[in-house]
Amino acid sequence: MVDDTITVDEPKRNLPPVVTPKVLNKIKIQTKTKTKPEKQLKPIFSHPYYYLVDTEPDLELLQKQICNDFRKLSAMENDFLVFPSDVAAEAEAMKAKFGHAVDRLTQFVQKRVEGNVWKLLR
């Protein structure tokens, strides 16, 4: 039996790379600048500090509430199964509550000063 088949080797082709340096140079990577949101839709904390009774701020009550929050944050060190993220979340909530209290107190003092200015002008 004689084998009459002929096999032809295909020549190797040098294909250009799919992504050429020319194409890479044309690609521009745009980085987005991180911006803070203008306003938070929902506060981080569930209960703000309660220190305004009628129109007169109760600074002693505010002081006690802040002190209790600091104690609660310090006590987290001794709790079992507390993760660093829990501590960070509690600290962020404290910062937000304190900032909210400062804003409210500032508004109250500004209204009082504004009233005093109007009294002086009359």
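The values are calculated or read from the model by the stated rules, or taken from the named source; none is laboratory data. Here the structure is a predicted model, which is why all the values come from computation and not from measurement. Every residue, glycine among them, receives a Cβ derived from its backbone with ideal geometry; neighbour counts consider all protein chains shown.
Here are the numbers:
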| read-out | value |
| --- | --- |
| Leading residue by the ranking (farthest from residue 66 (Cα to Cα)) among those in region 86-97 that are exposed (fewer than 15 other Cβ atoms within 10 Å of the Cβ) and more than 13 Å from the chain's Cα centre (by Cα) | 86 |
| Selection status of residue 27, modelled with pLDDT of 65 or more, touching a helix residue (DSSP H, G or I) at 6+ places or on another chain (Cβ under 7 Å) and not aromatic (Phe, Trp, Tyr) | no |
| Index of the failed condition, residue 66 passing every other in (1) at pLDDT below 70; (2) surrounded by 10 or more Cβ atoms within 10 Å (Cβ to Cβ) | (1) |
| Close pairs (6 angstrom Cβ cut-off, 6 or more residues apart or separate chains): within 30 Å of residue 73 (Cβ to Cβ) in region 94-122, of a type in the set (D, E, K, R) anywhere | 94/69 |
| Members of region 72-85 that are surrounded by 10 or more Cβ atoms within 10 Å (Cβ to Cβ) and in a helix (DSSP H, G or I) | 72, 73, 75, 76 |
| Residue match in region 98-115 (condition: touching a helix residue (DSSP H, G or I) at 6+ places or on another chain (Cβ under 7 Å), surrounded by 11 or more Cβ atoms within 10 Å (Cβ to Cβ) and more than 21 Å from residue 66 (Cα to Cα)) | no |
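This table checks each residue for (1) of a type in the set (A, V, I, L, M); (2) within 16 Å of residue 48 (Cα to Cα).
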| site | (1), (2) |
| --- | --- |
| 68 | no, yes |
| 82 | yes, no |
| 97 | no, yes |
| 105 | yes, yes |
